[in-house]
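First the structure, in the form of structure tokens, and then the observations on it.
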Amino acid sequence: MKRGLERAPHRALLRALGCTTQEIDQPFVGVINTFTEVVPGHLHLRSLAEAVKAGVRSAGGTPFEVNTIAVCDGLAMNHPGMRFSLPSRELIADSIEILAQAHAFDALAMVTNCDKIIPGMLMAAVRLNLPTILVSGGPMLAGRRGGEGQGEAVDLSTMFEAVGKVSSEKMTLEELEELEELACPGCGSCAGLFTANTMNCLTEGLGMGLPGHGTVPAVDAARIRLAKEAGSQIMALLARDLRPRDIITAEAIHNALALDMALGGSTNSVLHLAALAHEAGLPFSLEAINRISEATPHLAKISPSGHHHMEDLHLAGGVPAVMKELGDLLHQDVLTVTGRTLGENLATARVRDRNVIRSRNKPYSERGGLAVLFGNLAPQGAVVKRGAVDRAMMVHRGPARVYNSEEEATRGIMSRPPQAGEVLVIRYEGPRGGPGMPEMLSATSLLSGMGRDDKVALITDGRFSGATRGAAIGHVSPEAAAGGPIAALQDGDEISINIPKGELEVALTKRQLAERLAALPPFKSRATSGYLKRYVEMVSSANLGAVFLSEAK
């Protein structure tokens, strides 16, 4: 873009930016920033991008900051905006590809923090295969009810559950207002192990972020230092020509899944790792997830599964400590953005608090925190956060109560609270049906707030927030909009859930299911214009990561 006689106009434009001859001659690093004033996890990313650029300059590079979009899932929740959250992932990947290719960047440093932005950036990284490093904004601190630095820790999941408590008269509006002031005390990705923090931890586990990437708090000065180090390190990766496809391998995906199981992360991680594997041309199957889960103990319980938060995980040793504890369950010879192998990175890691990170000898459970279920209700799989399910609901059989949308379910739950044993079904909320596979956090939070998350199961072809707990089974594939068996369900059908055995069944014969499905009218999408209409026409099933069909092939 900048060398040779015919590039004189290009150099003139670069000089218009204020670039000196030396800066033009140096490698160009695209600093992809997702700063926005409407996403708390991204509010502080301008300062982090400045730190990254300082690191790039200190190592002899010329940084150029460019931007892409970001959606706050919490703000998009329970209204039509949530239908745009997952689809934004593909736009983010595409926009980064356009920016990097159009401006001929030599390397990339991606500044990110929240749910769909992280996987979108990882997908772009393997697609472009330029030397790349990710820089997280870090997690939010937990709020405190009862005085700063003491009392009960609260977070965003506390807020959603509080709505259910108010609706069932277990909490007053005054108490709710007090929580509003306390639950989210500042910038950063929400304080529990929800989707954003899960994906940031897994980015570190994949080897695409420096040690500390997943857990150093957003407000800690160490986060600025880490950003500077990342800016400097991208120049080392460029000099070595170490690229994302050298780092994101089948073995690295295995490591990320094992870390996910040990942490008990968000079910959305399955969706995003599947999409990343497809983008990288790597094998990925839901059956393999169960095999990894069977072999990997659950070592940490971070909110909403437990009472610890990301700041506790960081002080206990963070991702390196968890991976060090996993030991021989990981491929330790894989390369990372440090330029060293995972095993070399973990050499000095240690667990500092056994109350937060348990040993393999005394895990919360012998199996990982996630599980994939199969059966006549989910022939292509469904995902559950096993680590957040009450023991009483691990094996369950009950009558279905069926809703055809999240909005319908929310109204139904509030007007007629579910009875113990029921299995709520929310369908036509998958990638095509939603469209956009929205999260069902409002429904699950109502159940938790009503004290029914240990008595009632919920099944959907949509997704769940990482803040969800209880017997919440999502990603049912094929989805209802694609004629999956979930579309055939009727009120009162007996549904059987067996999480230890990985089974999800309805008491109907193949013939009964076929007859019911044949009698249904053709699916008609509610998206009739704009991006969502194009998304519905292109998107694949959840078991393939909800990638576009051409990529799924």
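The values are calculated or read from the model by the stated rules, or taken from the named source; none is laboratory data. This is a predicted model, so every value here is computed, not measured. Methodologically, a virtual Cβ is constructed for each residue, glycine included, from the backbone with ideal geometry; neighbour enumeration extends over all protein chains shown. Side chains included, ligands, DNA and RNA excluded: accessible areas come from the protein's heavy atoms. Shrake-Rupley method; radii C 1.70, N 1.55, O 1.52, S 1.80 Å.
Meeting the requirement of 2 or more residues that are touching a strand residue (DSSP E or B) at 6+ places or on another chain (Cβ under 6 Å) and not charged (D, E, K, R), the helices (runs of 4 or more DSSP H) wholly within segment 1-110 are 45-58, 85-102. Residues in segment 319-362 that are open to solvent by less than 10 Å² (accessible area, probe 1.4 Å) and farther than 18 Å from Gln233 by Cβ: Ala321, Val322, Met323, Leu326, Val356, Ile357. I need the full set of residues from segment 291-311 which are open to solvent by 40 Å² or more (accessible area, probe 1.4 Å) and touching a residue at least 12 places away in the same chain (Cβ under 8 Å), in order please. Across segment 291-311, the qualifying residues are Glu294, Ala295, Lys301, His307.
Contact annotation: residue pairs with Cβ atoms under 6 Å, 6 or more positions apart or on different chains, pairing a residue in segment 370-396 that is in contact (Cβ under 8 Å) with a residue 24 or more places away in the chain and part of a strand (DSSP E or B) with a partner that is surrounded by 19 or more Cβ atoms within 10 Å (Cβ to Cβ) and aromatic (Phe, Trp, Tyr), are Gly381/Phe374. The residues of segment 397-419 that are over 20 Å from Gly433 (Cα atoms), surrounded by fewer than 19 Cβ atoms within 10 Å (Cβ to Cβ) and at pLDDT 95 or above, listed by number, are Arg397, Pro399.
Can you find a residue that is assigned to a strand (DSSP E or B) and not charged (D, E, K, R) anywhere in segment 405-422?
no
Within this structure, Gly434 fails the test of being buried (at least 23 other Cβ atoms within 10 Å of the Cβ), at pLDDT below 90 and over 21 Å from Ser496 (Cα atoms).
Out of segment 196-225, which residues are among the polar types (S, T, N, Q) and open to solvent by 40 Å² or more (accessible area, probe 1.4 Å)? First the steps, then the outcome.
Our first condition is that a residue be among the polar types (S, T, N, Q); within segment 196-225, this holds for 197-198, 200, 203, 215.
None; the set is empty.
For segment 28-45, the set of residues classified as open to solvent by 20 Å² or more (accessible area, probe 1.4 Å) and touching a helix residue (DSSP H, G or I) at 6+ places or on another chain (Cβ under 6 Å) consists of Phe35, Thr36, listed by residue number.
Looking only at segment 165-195, residues that are open to solvent by 60 Å² or more (accessible area, probe 1.4 Å) and farther than 30 Å from Ser269 by Cβ come to 9 in all.
From the residues in segment 56-108 that are in contact (Cβ under 8 Å) with a residue 60 or more places away in the chain and acidic (Asp, Glu), which one is most open to solvent (accessible area, probe 1.4 Å)? The residue in question is Asp106.
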